[in-house]
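Any read-out appearing in this document is the output of simple, stated calculations on the displayed coordinates, not a laboratory observation. Everything numeric in this text was worked out from a predicted model, so none of it was measured. Counting neighbours? That spans all protein chains shown, and the Cβs are built from the backbone with ideal geometry, glycine included.
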Amino acid sequence: MITNKNNSYVLIMAGGLGSRFWPKSRNHFPKQFIDILGTGQSLLQMTYERFLKICPKENIYILSNQNYLGLIQEQLDGIAVNNILQEPSRNNTAPCIAYASYKILKQNSNANIVVAPSDHLILKETEFLDKITQALDYTSKNDALVTLGISPTRPDTGYGYINFGKEGVNGVHKVAKFLEKPVLEKAKEYLFSGDYLWNAGIFIWSAKSIQNAFQNYAPEIDTLFTKGNEVYNTDAEADFISENYPKSPNISIDYAILEKADNVFTIPADIGWSDLGTWASLHEISDKDTANNSLSVDHLHLEETQNCIIHLPKGKAAVIKGLEDYIVVDDSKVLLIYPKGNEQEIKPVAAKMVASFGEEYL
């Protein structure tokens, strides 16, 4: 149980492009704003509502590119504009986390912060909230940087891994090492050993602990955002960020802090998690027909087609025959028909489209 919810804050990262979900996820309307699961809510809306059970809405900040301000206000009805931190440039996760954390620390020296992506799926919400509460309790009492580690269910080569010590205290384990996405044989070794977790990019720490970490391991970022201490939470904040944020290095929080710090811990979690990073991951968790096809389409005649994911615009009719393991996505402006097994090529393919035909296709 969180003893003081007013000391708990949440940073929802909502500035990504979701380019592996192209063409459904586009520059003007990325994945986090799409009702990609067909539930009537976008991934951002689902994430926001989940965290309202952790802290008051005044303590939830959306970190996103300034181009998405209107979308966020439209989807999160009643959110205060001051709770939308607008990044003037795309500089990866470390700078935006530093900015938000220093701003919060200026408000509340006892602040405890959760950092979470806006576009992940959590099927076991109760278990998730229990793990977040456990982590917040731990970081409120210890100088620790905590990450939720997802118990792996298969030798997945699309995720980074966390090597952790089996000897934990009350379910909190020391992190030995973060590892990049492995080849299949190495992923099988990780799964078999039981000493590895998936890195979900969900972090918990006190504002003081993350500031100390930036001071020790990323002094360039610390120096830049410490300059704003006199203007955070004032009318001068926006001008300071507009001028200084683009000067920050383009680096992830993993590289800037977590792979260097010696006070990193993990809490293994079985929370029904998926990062929904690719069309195949969406196919895996979606409802399917008897031929294992995942369908989001109003009018469709299928023959001899199996293991496909098919997304078509409302009211569009299609006839498809003879496809197996394919992605079929029509987003009006772009039609994608691509082998599911080659979906890692989609991001560079989208870049080629832009190079050949213009930015309107990204």
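Using a simple charge model, +1 on the beta-carbon of Lys and Arg, -1 on the beta-carbon of Asp and Glu, nothing else, what dipole does the range 312-362 show about its Cα centre, in debye to the nearest 20?
Dipole magnitude for the range 312-362 comes out near 160 debye.
Give me the dipole magnitude in Debye, nearest 20, for the chain about the Cα centre, with unit charges on the beta carbon: positive for Lys and Arg, negative for Asp and Glu.
Result for the chain is approximately 360 debye, rounded to the nearest 20.
Pairs Lys31/Lys316; Lys103/Lys124; Lys166/Lys260; Lys31/Lys208: which exceed 24 Å Cα-Cα?
Table pairs above 24 Å Cα-Cα are Lys103/Lys124; Lys31/Lys208.
Express the C-alpha Rg of the range 5-274 as a ratio against the empirical globular expectation 2.2 N^0.38 Å, rounded to two decimals.
Dividing the Cα Rg of the range 5-274 by 2.2 N^0.38 Å gives 0.97.
So, counting K/R as plus one and D/E as minus one, what does the shell of residues with Cβ under 13 Å around Thr157 add up to?
After counting each charged neighbour, the total is -1.
Among Ala291, Thr305, Gln344, which residue has its Cα furthest toward the positive end of the charge dipole of the range 279-361, with +1 on Lys/Arg Cβ and -1 on Asp/Glu Cβ?
Gln344
State to the nearest 20 debye the size of the charge dipole of the range 41-199 about its Cα centre, where the only charges are +1 on K and R beta carbons and -1 on D and E beta carbons.
Dipole size: approximately 280 debye.
Near Asn212, within a Cβ-to-Cβ distance under 13 Å, what is the net charge of the other residues, with Lys and Arg +1 and Asp and Glu -1?
Spelling it out: positives minus negatives among the neighbours equals -1.
Residue by residue, what Karplus-based ³J(HN,Hα) values in Hz, rounded to whole numbers, does the range 78-83 have, using 6.51, -1.76 and 1.60 with θ = phi - 60° and x for Gly and Pro?
Each residue of the range 78-83 in turn: x, 5, 6, 4, 5, 8 Hz.
Kindly provide the helix-only [θ] at 222 nm of the chain, computed as the sum of -39,500 (n - 2.57) over DSSP H runs of four or more divided by all residues, to the nearest 500 deg cm²/dmol?
Roughly -8500 deg cm²/dmol at 222 nm, from the helical runs in the chain.
Quick one: net charge of Lys188's neighbours, Cβ under 13 Å, K/R +1, D/E -1?
Numbers: positive: Arg154, Lys186; negative: Asp156, Glu185, Glu189.
My count for the surroundings of Lys188 gives -1.
Hey, how many Å between the Cα centroid of the range 129-206 and the Cα centroid of the range 9-62?
Taking the Cα centre of each part, the range 129-206 and the range 9-62 sit 23 Å apart.
Students often forget the sequence filter, so: which aspartates and glutamates lie under 18 Å Cα-Cα from Lys186 once same-chain residues fewer than 8 apart are removed?
Of all the aspartates and glutamates, those that pass the test against Lys186 - Cα under 18 Å, at least 8 places apart if same chain - are Asp156, Asp195.
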